[in-house]
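To keep things clear, I will list the structure first and then write my remarks on it.
Only the coordinates and a few stated rules stand behind these numbers; no lab work does. All of these numbers come straight from a predicted model, not from anything done at the bench. Here Cβ is always computed from backbone atoms with ideal geometry, including for glycine, and neighbour counts include all displayed protein chains.
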Amino acid sequence: MPAAAPARLLDLTRLLSRLGQGPLTGVDRVEAAWLDHLLDAPQPCFGLLRTRLGFLLLDRTGMQALRDRLEGLPLGPADLAGRLFRRSQPWRARAEADMRRLACDRCLAPLLSPLLRRHLPAGSCYLNLGHANLSEFALRRIRAAGLRVVVLVHDVIPLEHPEFTRPGIPAVFRRKMAAVSAGADLVIHSTEDARRRTEAQLARLGRTPPG
């Protein structure tokens with residue numbers, strides 16, 4: 001029997017957080033465009049979502065359902081988990097409840113590697129295009145499942161110009177870029193200037209992945 005074709009795993013955590021929250025930002029639209037692209041392509045695809053209760057895996061049907069909600073399909077009711085853990089974020093509670101109902105699999109955070117191995121063939125690729133769910137914890141477990149990690153870094157303004165960001169954001173962004181430095185197999189840059197600036201910051205963090 002021939003080996004299963006490699007799949008592409010798109011991190012949709014950022015778009016999950018945007019459901020029911022009004023117009024998409026520029027970074028949101030990039031992730032949404034890739035969601036459309038993967039849904040239109042013939043290759044196998046999955047979506048990964050990080051929630052308060054762990055990770056959810058969406059198959060193509062679940063990814064399309066998330067896209068439908070981005071386009072205005074009403075969210076369903078919050079479930080018990082949402083009412084307990086997202087009490088102060090009713091829209092997020094409803095969005096996560098919908099995705100739990102649609103997920104083809106789920107796991108607690110430490111069990112992410114086995115979940116991915118159950119569904120994604122060897123040689124599959126993880127795409128993080130929205131700066132969400134960028135942590136050494138997550139990237140280490142994704143790589144342990146045999147996936148190649150590809151990250152789009154939009155800019156490094158929080159590191160270059162922390163005075164233009166909210167308090168606390170530079171430290172959070174630095175941790176994300178440290179995770180990229182340590183765990184990415186490939187970094188996508190939007191321009192040559194963005195490449196130069198991003199690679200300078202990654203070098204300071206210890207490793208510059210190819211891009």
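Brief remarks follow.
- Longest exposed-site-free window of the chain, the sites being trypsin sites (Lys or Arg not before Pro) in a DSSP loop that have at most 14 other C-beta atoms within 10 Å: 88-206
- P(r) of the range 1-86 over all Cα-Cα pairs, binned every 10 Å from zero, in whole percent: 15, 47, 28, 8, 2
- GNM top mover of His119, His161, His37 - the chain, alpha-carbon springs below 10 Å: His161
- Looking at the chain alone, DSSP beta bridges between its own residues are antiparallel in about 35 percent of cases.
- Where GluC sites (Glu not before Pro) fall in DSSP loop in the range 24-111, at most 13 other Cβ within 10 Å: Glu71
- Kirkwood-based shape ratio for the chain, expressed as Rg/Rh from alpha carbons: 0.96
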